[in-house]
Amino acid sequence: MAEPPGARAPRPPTGAAVPRARRASRSSPIVLVACLVALAVAPGRVTAAAMLAAGETFPTWSMRDQTGATVSSQDLAGKTYLLWFYPKAMTPGCTAEGNALRDESPALAKAGVEVLGVSFDEPRENAEFVAAQGFPFRLLSDDGSLAVQVGAAESRDQSAARRISYLVGPDGKVVQAYPSVSPATHAREVLEDATAARAKSAAPAPPAR
């Protein structure tokens, strides 16, 4: 029989379905958190650390240079060195940064700084980069292990490292961290910081009172 005009539509059935829906809505945040935790700890996925600050101990590392030879932080113990992370060999910004460091390399060496580039490129690609630009320093291939520890990458599967640098002192501690790098002026910036740090370390200690 037809509904009389103005009749109300029947209300949806109540019962067990409503409590189930409420229970599901209450559990949704829990499920979401569980999914996020699982994603964060998934095998092979490592979350990036924040950049290190001056005075903090730089992680130990071991990488291959453009010739395939292994270079490690232990080899550089007692020396001041610059690790400049760059996204990709032979690209304009990385070439500009590398060339500026190349041009300042005599002054940097005089200030006691060894320069080392770091990227996710293979040694073969870095060898081509060195040959093309005439770099007097070594370029290292990171598998992401160091980059994620020092804030240069979000994860080891990232395609390229961030453009950051660290000046590391003879004691293995960070002298200066560079979270924002201008390819054209970075070499001069590092030289000024290295010169100031060397002068400070050479200054005589104040007499004891």
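The values are calculated or read from the model by the stated rules, or taken from the named source; none is laboratory data. Bear in mind the structure is a predicted one, so any value in this text is a computation, not a measurement. Here the Cβ positions follow ideal geometry from the backbone for every residue, glycine too, while neighbour counts run over all protein chains shown.
Every residue, every condition in (1) of a type in the set (Phe, Trp, Tyr); (2) in contact with a helix residue (DSSP H, G or I) (Cβ under 9 Å, 6 or more places away or on another chain), yes or no:
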| residue | (1), (2) |
| --- | --- |
| 104 | no, yes |
| 115 | no, yes |
| 118 | no, yes |
| 125 | no, no |
| 135 | yes, yes |
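Just to verify a result, which residue in region 98-107, among those that are among the aliphatic types (A, V, I, L, M) and out of contact with any strand residue (DSSP E or B) (no Cβ under 6 Å at 6 or more places or on another chain), is surrounded by the most Cβ atoms within 10 Å (Cβ to Cβ)? Filtering region 98-107 for residues that are among the aliphatic types (A, V, I, L, M) and out of contact with any strand residue (DSSP E or B) (no Cβ under 6 Å at 6 or more places or on another chain), the one surrounded by the most Cβ atoms within 10 Å (Cβ to Cβ) comes out as 100. Scanning region 68-94 for residues that are exposed (fewer than 12 other Cβ atoms within 10 Å of the Cβ) and in contact (Cβ under 8 Å) with a residue 60 or more places away in the chain turns up 77, 78. Being crowded, with 19+ Cβ neighbours inside 10 Å, under 17 Å from the mean Cα position of the chain (by Cα) and either more than 16 Å from residue 165 (Cβ to Cβ) or of a type outside the set (S, T, N, Q) (or both) is a condition met by at least one residue of region 120-134. For the residues 125, 189, the requirement of being within 17 Å of residue 82 (Cα to Cα), part of a helix (DSSP H, G or I) and of a type in the set (Asp, Glu) singles out 189. If you check 95, 60, 91 for being in contact with a strand residue (DSSP E or B) (Cβ under 9 Å, 6 or more places away or on another chain), at pLDDT 95 or above and of a type in the set (Val, Ile, Thr), only one passes: 60. For region 159-200, the candidate set comprises residues that are closer than 14 Å to residue 55 by Cα and hydroxyl-bearing (Ser, Thr, Tyr); within that set, the residue that is surrounded by the most Cβ atoms within 10 Å (Cβ to Cβ) is 166.
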